[in-house]
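*Asks:* Mind having a look at this structure? Questions to follow.
Quick note: the coordinates plus some simple rules give every number you see, no bench work behind them. None of the values given here were measured: they were computed from a predicted structure. Positions of Cβ are generated from backbone atoms using ideal geometry, with glycine treated the same way; all protein chains shown enter the neighbour counts.
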Amino acid sequence: MLLVAVAAASTLLHAGLRGASSPDGAAQQSQTAALVFAEFGPNVDSIYVVSVDRAKTRTLIHTVEHAPGWGLNPAVAVVAGLTAYTVLPPEAAPYRDSPAELWVLDVATANATRLARDADLLAAPVLSEDGRMLAYRRTDDSGTQAIVRVNLENRARRVLHSDATAFGVFPIGFERSGVVLFARLSPSGTDLLRVADGSTAELIFHASDEIARDWRVAPGGDSVAFLAPELFAERMVHRAQLASLDGSSVLAGPTPTDGGEQYAPAWRWDGALAIGASAAPLVVGAAEAVVLPAAPSGFDVPLGWSAAGDYLAVRHFDGARSQAAGRETLVVIGNGTRTTVDSVRELIFLGWTGA
Amino acid sequence: MHSLLRALPLALIVGVAFLLGTRAQLDVATACAFDPLRPDAYEADALRDRYLLALDGAATNQLFPGDSYFRLPQVEAGTRVNRVELTRLLPVEVLRAIGWVESSLTMASRSTRFDSIGPALVSFDCGHGVMQVTSGMTVPLGGGDQPSGDQVAVATSYPHNIARGAVILASKWNDAPQLRPIAGTDTGGDPAIIENWYYAVWAYNGFTGPGSKKSNHPLDPTLSWPRTGYVCDGTQSRTRYPYQELVWGCMANPAERENQQLWTAVPTTLPDFTNPQFYDAVRLNNFTFPYRDMDIPTPRPAHQTQAPSVSNVAALLLGSPRLSIDQSTVTIRTNGTPDQATARIRVTNTGTGLLSWSASSSDGFLVVAPPAGSAVGSGVPCTSGDCPAGEIEVTINPSLLPASRATATITIDSPTVTGSTTVLVQVFADFEVAAPGTSRAP
């Protein structure tokens, strides 16, 4: 993978912004940002909303029963007020390969709708930017995997792509046109592909000879960020990568000042990108420099920005690096402070509502 | 164990299922050994003392040393060029944690109280009991399309179930290097080092690759990364961990009941996948059968197993059960009161320890439920449920009844004691036979 300077990455970031907008942000500027998360329970996950200005008061909006020990697996963000998740229903055998249900939840109304009962638990669903479509993965008894698109207006499901791959495929997002993006693992590495209704899948680019992960499609759907492993100072570390979805460029993200690991990227509505690093996340591509407050020790893994970009949710680890990650907490960074969401249980980030 | 039940063809079938793994490659549509019924099983104490003792016994091959199906195989050691068979021992620490991950160390369904008898724990893919044994439990393997004695034992007797789980784990270890990679290339593949069981534990749940529906690949992109260690206390979802990390987490963080840790913590080390020595092994292009390029050194710091110093385990847990039933003839009347339409036979263990039994009917019109179960003898706590006896409920399927008067037999057998018992069933039924194509007037 080509190493480039921050400036080059920023160029790509801004290129990726063409046509980007902030529908949530524009519509909800008057609302306070509120974090949406699930608290894992052995048999029931509880979904809460907590406003950033009332951090100690969380509101329970929904509960999700599941097979013992197996919590819900959510989409990467709340989109247009919706979150989606796969989950093993309570009566399912508590194994990762049991057929999972696919649900979509309207955060404002707490109205939950089951969309499918043949989903793969481990492959998180993805929502389109307008919240009208969703894509998920299912695997049949022969091991063939399918990328399935769901029209959320009529719940119609359509298989867009079937793959008898040696390893697996994963939906990672939508382009603005509604075309589904997915990653495919093979012995030669990770490829990014797109598939439109009625078409065969098209290779966009070869992302890595290794396992690329944590794919995040930019606002506007023109570019994508992800992590790919590389050898650095005799260690295998993940580095953020940026790519345009026209396939014209795949670029390494900013070189970390300490040469260390990078963690999941998170796009802000304006095309700025937070990249996890030792101490606080780096924010690149912003019109103005952004310096986020760091914890005394450990590192942050970005999860998602609030709609207006004032707050960033992260998974904070108090260990030194990925292999010794230590204890994990859910933290909101904003207004120059860090606020930990208290819980003795695992917290599962779902996204943001409001501004 | 009934050697007659292990005819060669059946052994071949079992062997094939065994090679397929505990859960791997199972057709979920395949019937389980007891389908559509479910056997009963004894659920021991809440502190799992009996299960933990059985785990100690299984890890040291003290439970069934003379039984080829339940005996621990010799565990191999060495690298690819100098593999040799060693002793019949495996790390009990690993076995305990697997038992916890699989079933929270329970033999019966969650509705069954401790110290009692209730429906056995059976998963949708035929995983049975404490160790969720799947291999050999997917179809009836006995004569007359009935479960075999081994299947009855695995489903109803926790010592047998745990011993069988240990056999499967040992076989996963012994699959290296022909079918699986070796962990511990720098320590002679020493099975006494717990960290060297990384691949065997992965394989216990299915040696599945990245991207698969049931992936246990540590770098799978569907699993969150980085991830804090699994702490085995019910506060974390299993969704983001590969199986082997659940087991590692439970070794390091023993489960607690009644403010007691159920076993001693062992802070075992996972492979460091930021170290190219380990990372290279699990690269995508190496995940190809028979996985020759996936060998790894021992993750450090390494931990030696502490072999349990137990003795007399088999006598203590198995005792000397004796099969007894409360009647030799029963009558079913479908033309009498409702309670006369069902006959009940109590199976009692007049000896000690744990008795496994199975019941089969000579004719299809007799319905026997449960098809197998447990009965506990003196010295085994059993304070609730149907304890200490097992109860068989006998009803008829009228559509298969040959005449309004019929007789048949039920044979009650045990895989753990010799001899069987037969109960004569007399049926008196009144039923109308309608002519085809006619219907009763309203």
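*Asks:* Averaged over B:232-244, how many beta carbons belonging to a partner chain fall within 10 Å of each residue's beta carbon? The partial results should precede the final answer.
*Replies:* Working: counts 0, 3, 7, 8, 7, 14, 11, 17, 5, 1, 1, 2, 0.
Per residue, the average neighbour count from other chains is 6.
*Asks:* Based only on other Cβ atoms within 10 Å, what is the fewest-to-most ordering of A:LEU273, B:LEU355, A:LEU312, A:LEU251? Please list the in-between numbers first.
*Replies:* On the way: A:LEU273 29, B:LEU355 33, A:LEU312 25, A:LEU251 19.
So the ranking, lowest neighbour count to highest, is A:LEU251, A:LEU312, A:LEU273, B:LEU355.
*Asks:* I need the phi-derived Karplus couplings for segment A:144-152: 6.51 cos²θ - 1.76 cosθ + 1.60, θ = phi - 60°, integer Hz, Gly and Pro marked x.
*Replies:* 6, 9, 10, 8, 10, 9, 10, 7, 6
*Asks:* If you don't mind, another one. For A:ALA164 and A:THR255, what is the calculated FRET efficiency with R₀ set at 35 Å and r taken between the beta-carbons, to the nearest 0.05? Write out the running numbers ahead of the final one.
*Replies:* On the way: r = 39 Å, r/R0 = 1.11.
Calculated value: 0.35.
*Asks:* Could I ask something else about it? GNM, chain A, Cα, under 10 Å: largest mean-square fluctuation among A:GLY168, A:GLY271, A:GLY221?
*Replies:* Per the Cα network of chain A with a 10 Å cutoff, A:GLY168 tops the list.
*Asks:* I've got another one for you. Could you work out [θ]222 nm for the protein assembly as shown from helices alone, using -39500 (n - 2.57) per DSSP H run of at least four and dividing by all its residues? Round to the nearest 500 deg cm²/dmol.
*Replies:* The helix-only estimate for the protein assembly as shown comes to -3500 deg cm²/dmol at 222 nm.
*Asks:* How much net charge surrounds B:GLU195 when only other residues with a Cβ under 12 Å from its Cβ are counted (Lys, Arg +1; Asp, Glu -1)?
*Replies:* Working: positive: B:ARG300; negative: B:GLU93, B:ASP186, B:ASP190, B:ASP272.
Local net charge: -3.
*Asks:* Over segment B:319-428, what is the mean sequence separation of C-alpha contacts under 8 Å (at least six apart), divided by residue count, expressed as relative contact order in percent? It would help to have the intermediate numbers written out before the result.
*Replies:* On the way: 277 pairs, mean separation 36.2, N = 110.
Relative contact order for segment B:319-428 comes out at 33 percent.
*Asks:* How are the Cα pair distances of chain A distributed, in percent, across 10 Å bins from 0?
*Replies:* The calculated distribution, bin by bin, is 5, 25, 36, 27, 6, 0.
*Asks:* Can you give the alpha-carbon Rg of segment A:113-167 over 2.2 N^0.38 Å, where N counts its residues?
*Replies:* Values: Rg = 11.4 Å, N = 55, 2.2 N^0.38 = 10.1 Å.
Ratio of Cα Rg to 2.2 N^0.38 Å: 1.13.
*Asks:* If you take each beta carbon of peptide A:96-103 and count the beta carbons of other chains within 10 angstrom, what is the mean?
*Replies:* Working: counts 16, 12, 6, 3, 2, 0, 0, 0.
Across A:96-103, the average partner-chain Cβ count within 10 Å equals 5.
*Asks:* What ranking of B:THR348, B:THR422 emerges when the number of other C-beta atoms within 10 Å of each C-beta is taken as an exposure proxy, fewest first? If you can, show how the numbers build up before the last one.
*Replies:* On the way: B:THR348 19, B:THR422 13.
Listing B:THR348, B:THR422 from fewest to most nearby Cβ atoms yields B:THR422, B:THR348.
*Asks:* For segment B:219-305, which GluC sites (Glu not before Pro) are in a loop by DSSP, counting at most 13 other Cβ atoms within 10 Å? Could the numbers behind the result be given before it?
*Replies:* Numbers: sites: B:GLU245, B:GLU256, B:GLU258; in loops: B:GLU258.
Hits after loop and neighbour filter: B:GLU258.
*Asks:* Just want the ordering: A:TRP352, B:TRP100, from fewest to most Cβ atoms lying within 10 Å of their own Cβ.
*Replies:* Ordered by Cβ neighbours within 10 Å, fewest first: B:TRP100, A:TRP352.
*Asks:* Local charge sum around B:LEU86 (other residues, Cβ-Cβ under 13 Å, Lys/Arg +1, Asp/Glu -1)? Walk me through the numbers before you get to the answer.
*Replies:* Numbers: positive: B:ARG83, B:ARG88; negative: B:GLU76, B:GLU85, B:ASP190.
Around B:LEU86, the charge tally is -1.
*Asks:* Let me ask something else about it. Report, in degrees rounded to the nearest 10, the 0 to 90 angle that the Cα long axis of helix B:8-20 makes with the longest principal axis of chain B.
*Replies:* 50
*Asks:* Here's another thing I want to ask about it. Relative contact order for chain A: what is it in percent, counting Cα pairs under 8 Å that are at least 6 residues apart?
*Replies:* Values: 985 pairs, mean separation 59.8, N = 355.
Normalised by residue count, the contact order of chain A is 17 percent.
*Asks:* Output the Cα-based Rg and Dmax of chain B in Å, rounding Rg to one decimal and Dmax to a whole number.
*Replies:* For chain B, the Cα-based Rg and Dmax read 24.1, 84 Å.
*Asks:* Would you mind telling me which residue in B:LEU424, B:LEU55, B:LEU141 has the biggest mean-square fluctuation in a Gaussian network model of chain B, where springs connect alpha carbons within a distance under 10 angstrom?
*Replies:* Sorting by GNM fluctuation, first place goes to B:LEU424.
*Asks:* Let me ask another. Given the options B:VAL310, B:VAL101, B:VAL75, which has the most mean-square fluctuation in a GNM of chain B, springs set between C-alpha atoms less than 10 angstrom apart?
*Replies:* B:VAL310
*Asks:* I would also like to ask the following. Compute the longest continuous run of chain A that contains no exposed trypsin sites (Lys or Arg not before Pro); treat a site as exposed when its DSSP state is not H, G, I, E or B and it has at most 13 other Cβ atoms within 10 Å.
*Replies:* Working: sites that count: A:ARG18, A:LYS56, A:ARG155, A:ARG327.
Result, exposed sites excluded: A:156-326.
*Asks:* Calculate the tail of P(r) for segment B:319-428: the fraction of all Cα-Cα distances greater than 18 Å, expressed in %. Write out the running numbers ahead of the final one.
*Replies:* Numbers: 2842 of 5995 pairs.
Tail fraction, whole percent: 47.
*Asks:* Hey, another quick one. For the protein assembly as shown, build the convex hull from the C-alpha positions and give me its volume per residue in Å³.
*Replies:* Values: hull volume 151.9 nm³, N = 797.
Per-residue hull volume (Cα only) is 191 Å³.
*Asks:* For chain B, find the longest principal axis of its Cα atoms and tell me its angle to the long axis of helix B:49-59, 0 to 90°, nearest 10.
*Replies:* The answer is roughly 60 degrees.
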